[in-house]
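> Below: one structure in structure tokens.
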Amino acid sequence: MTNFLRNQQENLPRALLAGAALLLLFLAFTLVPASAQDEDPPPERRVVVKVADEGYLWWLKNWSDGEEQCEMLISHDGLPTWEEVSRVCGEAIFEEWKDTPACFAAVNGGDTSDCEGVFLLYGGYLQGERSVVEELPKPTVVVSLVGCVREDISNLCTGDPILEFRAYEPLPDETIQSITIEYEDEIVYCEDFSCTLPLSPLRDQEIEMVFWAESSYGDKTPEYTALVRAAVVAWQVDPTLVYWQVEVLSTQWEGPPPAACGLTWGSLPPVDPQQTWLRTPFEASGLATDEPLELLAGRLLSWGLVDASMCPFNGLMLDGSASVCGVESTQAAVHDWQDRFDNRIFSIAKDNGLPAVLMKRIFAKESQFWPGGFPNLAEYGLGGLHIEGTDTLLLWNVSFYQQLCPLVLSEETCSKRYHELDFESQEMLRGTLAVQADVTCTDCPNFIDLEKAEETVDLFANLLLANCAQVGEVVRQTFNNAPGDAASYPDLWRLTLANYNAGSGCLYEALDDVNSQRKILVWPNVREALLELEACKGAVDYVEDITLY
């Protein structure tokens, strides 16, 4: 695996970095021609504009010395609101003001130097204009696939795969002058806003690329990166056609989502994977299973969804599981039930680049497709969501947190990251997720909201993505390496399953043990380390049951 997405400087001591920086600075001034040293830096994309400025002026000042701590200009009369003070002055000054005790010396105009905290002072009504620096939009480059027609089967295409790089200049009077693409020892230069790169000559190779565009404004875009692989797959549907599997890992990619977590890990999935659990079938019907799910049989009987009155005790054992007679009576219902969420699983998996078979196997392992929960288990939904899982989701899936938080808490509160929230706010978000995953319903037929159960598939897809992000960070911290350089794509998913089941504490201890013994990061070594940890050993069976074939 390549060094894609690795930040080399994070692995160097500060002293070494400082020395390297000084050396580079010295070389820059001694080896670069004088004409190059005198070149002007590219112009900044910003302008100064005049804007109307009017409102009610307030200050927060120290009681002790009158020093100004904050200035506020608000649009309404009356006192500033707590939200306005917190937003403009910051949380620390707001808390100090809120907790400031009364200063009795100020009542008669006395000496306030011994008073603590800050006070609010009105400065009058202002009307005029002020100068504001506005950032101008910057150019960008996007990458897409052309020449290869997407087939409705996984992410395969037929034809001649070509990468197209297109640059956009948002300023009306400026244009893109060129695009440059570098890979291996090659440089592709196009004096245009568009540039193409055929992938057929690069067949079956993993190629690191760097690309950027230059603008007539005098500046250029950032130097974007991409990890690209175009491979011919063996599992062809039509033998007369050549099927390509094209993977592009880049923030600038415009196309079907890449394999889930690939960008996070800097890792490409195997071509034509032998592991069925890493695949997404061509259509939802390919997810169909026919497993003898005894726990599901017991739930169907307990909730009256199947009649087994011909069996002793209605087909139920004392612990709520199905008896032999109960299992036989529910066989057809169990077969139908375990496939009832396949369409949703297939759709959500494709939208997120997740292996659909993997998602279904997780649901089979966690709940046997019963979304209503089990007695004496504080877990919810098809994927068995528990409190630790909600923390993982809100901490490590930032986009999910940013979408959920404003639906529950104020915009001001949601400007913070989840770990920065107070305990009460975190509890409200965790409770909201538990409500979303809980599909029991007193007004629904058989007390299960099956429509809501289908919607929770999206929730668990986001939870999986959060776990793979957390695994990526654990690997980085433990091995001081990019995840894709430390382990294979399948093994990174095995680590994600272990993390999902046993938590990041177990995974970190296991990886730390592997690393301390100078072993390579492969599943057999992690397996051995997990089995040595009494509280974590259950994760081994969990992972291997899901990834058996």
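> How high is the FRET efficiency from E68 to D40, r the C-beta distance, R0 41 Å, rounded to 0.05? Present the calculation step by step, with values, prior to reporting the outcome.
Values: r = 38 Å, r/R0 = 0.94.
Between E68 and D40 the formula returns 0.60.
> Can you tell me the FRET efficiency between L533 and H419 if r is taken as the Cβ-Cβ distance and R0 is 30 Å, rounded to the nearest 0.05? Present the calculation step by step, with values, prior to reporting the outcome.
Details: r = 26 Å, r/R0 = 0.86.
Calculated value: 0.70.
> Using the alpha-carbon centroid of each, what span in Å lies between the range 404-452 and the range 306-325?
If you average the Cα positions of each part, the centres end up 36 Å apart.
> Report the per residue volume, in Å³, of the convex hull enclosing the C-alpha atoms of the range 369-410.
Values: hull volume 3.9 nm³, N = 42.
Roughly 93 Å³ of hull volume per residue.
> So which GluC sites (Glu not before Pro) in the range 240-337 pass both tests, a DSSP loop state and at most 15 other Cβ atoms within 10 Å of the Cβ?
Details: sites: E247, E254, E283, E294, E328; in loops: E254, E283.
The qualifying sites are E254, E283.
> Let me ask you something else. Name the residue from L121, S321, S64 whose Cα lies farthest towards the positive end of the charge dipole of the chain, charges +1 on Cβ of Lys and Arg and -1 on Cβ of Asp and Glu.
Working it through, the farthest residue towards the positive pole turns out to be S321.
> Another question, if that's okay. Hey, if we sort V232, V439 by accessible area with the 1.4 Å probe, largest down, what's the order?
Numbers: V232 35, V439 0 Å².
Largest accessible area first, the residues go V232, V439.
> What list of ³J(HN,Hα) values in whole Hz, one per residue of the range 161-168 in order, does the Karplus curve 6.51 cos²θ - 1.76 cosθ + 1.60 (θ = phi - 60°) give from phi, with Gly and Pro shown as x?
So the Karplus estimates, Gly and Pro as x, are x, 9, 8, 10, 9, 10, 9, 10 Hz.
> Label points 7 Å out from Cα along the Cβ direction at S131 and L295: separation in nm?
The answer from the label model is 6.7 nm.
> Using only alpha carbon positions, build the gyration tensor of the range 376-495, then give the equivalent ellipsoid semi-axes as the square roots of 5 times its eigenvalues, largest first, whole angstrom. List each step's numbers first, then the result.
Working: eigenvalues 162, 82, 25 Å².
Semi-axes, largest first: 28, 20, 11 Å.
> Using the Cα centre of the range 57-180 as origin and beta-carbon charges of +1 (Lys, Arg) and -1 (Asp, Glu), tell me which of P172, T158, W97 is placed farthest towards the positive end of the dipole.
Highest projection toward the positive end goes to T158.
> With the contact rule set at Cα under 8 Å and sequence spacing of 6 or more, what percent relative contact order holds for the range 218-281? Could you put the intermediate results ahead of the total?
On the way: 59 pairs, mean separation 18.3, N = 64.
Reported relative contact order: 29 percent.
> Mind jotting down the distance between the C-alpha centroids of the range 164-180 and the range 43-91, whole Å?
Using only Cα atoms to place each centre, the spacing works out to 39 Å.
> On to the next question. Hey, what's the chain come to in accessible area per residue, 1.4 Å probe, Å²?
Values: 28950 Å² over 549 residues.
So the chain comes to 53 Å² accessible per residue, rounded to a whole number.
> On each of the three principal axes of the Cα atoms of the range 432-549, give max minus min coordinate, whole Å, ordered largest first.
58, 28, 27
> Work out the P(r) tail for the range 243-318: percent of alpha carbon pairs separated by more than 15 Å, whole number. Don't skip to the answer; put the middle values down first.
On the way: 2050 of 2850 pairs.
Here the tail beyond 15 Å accounts for 72 percent of pairs.
> At 7 Å along Cα-to-Cβ for each site, give me the label-to-label distance between E411 and A92 in nm.
Computed distance between label sites E411 and A92 equals 2.6 nm.
> Continuing with this model, one more query. How far, in nm, would the chain grow between Q205 and H76 when pulled straight, counting 0.36 nm per residue and subtracting the alpha carbon separation?
Numbers: separation 129, 0.36 × 129 = 46.44 nm, distance 6.29 nm.
Extending this stretch completely gives an extra 40.1 nm.
> Right, here's the next one. Summarise the long-distance tail of P(r) for the range 250-405 by giving the % of C-alpha pairs beyond 28 Å. Could you put the intermediate results ahead of the total?
Working: 4127 of 12090 pairs.
It works out to 34 percent of all Cα pairs.
> From the C-alpha coordinates alone, can you work out the Kirkwood hydrodynamic radius of the chain, in Å? Please report the intermediate quantities before stating the final value.
Details: mean 1/r = 0.0351 Å⁻¹.
Evaluated on the chain, it is 28.5 Å.
> Take peptides 59-69, 157-167 and line them up by average Cβ neighbours within 10 Å, highest first, as a rough protection proxy. Intermediate results must be reported in sequence, preceding the final value.
Details: 59-69: 14.7, 157-167: 20.0.
Listed from highest to lowest mean packing, they are 157-167, 59-69.
> Separate question: Per 0.36 nm of contour for each residue apart, how much would the distance between F374 and E427 grow if the chain were fully extended, relative to their Cα-Cα spacing? Let's see the in-between values first.
Details: separation 53, 0.36 × 53 = 19.08 nm, distance 2.29 nm.
Here the answer is 16.8 nm.
> Moving on to the next point. Taking Rh as the Kirkwood radius computed over C-alpha pairs, what is the Stokes-Einstein D of the range 116-186 at 4 °C in a medium of viscosity 1.567 mPa s, expressed in µm² per second?
Calculated translational D: 70 µm²/s.
> List the pairs from K50/K98; K416/K452; K220/K350; K416/K519; K365/K452; K98/K416 whose alpha-carbon separation is above 31 Å, in the order I gave them.
Details: K50/K98 35 Å; K416/K452 29 Å; K220/K350 35 Å; K416/K519 39 Å; K365/K452 20 Å; K98/K416 20 Å.
Too far apart for the 31 Å limit: K50/K98; K220/K350; K416/K519.
> Among F282, P270, C311, whose Cα lies farthest out toward the positive end of the dipole of the range 268-386, if unit charges sit on the beta carbon of Lys, Arg (+1) and Asp, Glu (-1)?
Final value for the positive-end residue is P270.
> Under 18 Å from a point placed 7 Å out from the Cα of E54 along the Cα-to-Cβ direction: which residues of the range 77-98 have their backbone N that close?
77-78
> Under DSSP H, which helices of the chain have Cα atoms covering 18 Å or more of the helix axis and a Kyte-Doolittle average no less than -1.0? Mind showing how you got there, number by number?
Values: long enough: 14-31 (25 Å, 2.19); 423-437 (21 Å, -0.02); 450-479 (43 Å, 0.31); 489-502 (20 Å, -0.41).
Long hydrophobic helices here: 14-31, 423-437, 450-479, 489-502.
> Residues of the range 477-495 with the amide nitrogen closer than 15 Å to a label point 7 Å from the Cα of S516, along Cα-to-Cβ, please.
Zone members listed by number: 478-479.
> Follow-up question, since we're still on this one. Once neighbouring chains are kept in place and the probe is 1.4 Å, which whole percent of the accessible area of the chain is contributed by carbon and sulfur? Each step should come with its number before you reach the end.
Working: 14930 of 28950 Å².
Roughly 52 percent of what the probe reaches on the chain is carbon or sulfur.
> Mind checking the log10 I(q)/I(0) for the range 57-184 at q = 0.10, 0.14 Å⁻¹? Debye, one equal scatterer per Cα, no solvent, two decimals.
Each listed q maps to, in turn, -0.62, -0.78.
The values are calculated or read from the model by the stated rules, or taken from the named source; none is laboratory data. Since the model is a prediction, treat every value here as computed from it, not as a measurement. Note: ideal-geometry Cβ built from the backbone for every residue, glycine included; neighbour counts use all protein chains shown. Accessible surface is based on the protein model in full, side chains and every heavy atom, while ligands, DNA and RNA are left aside. Shrake-Rupley method; radii C 1.70, N 1.55, O 1.52, S 1.80 Å.
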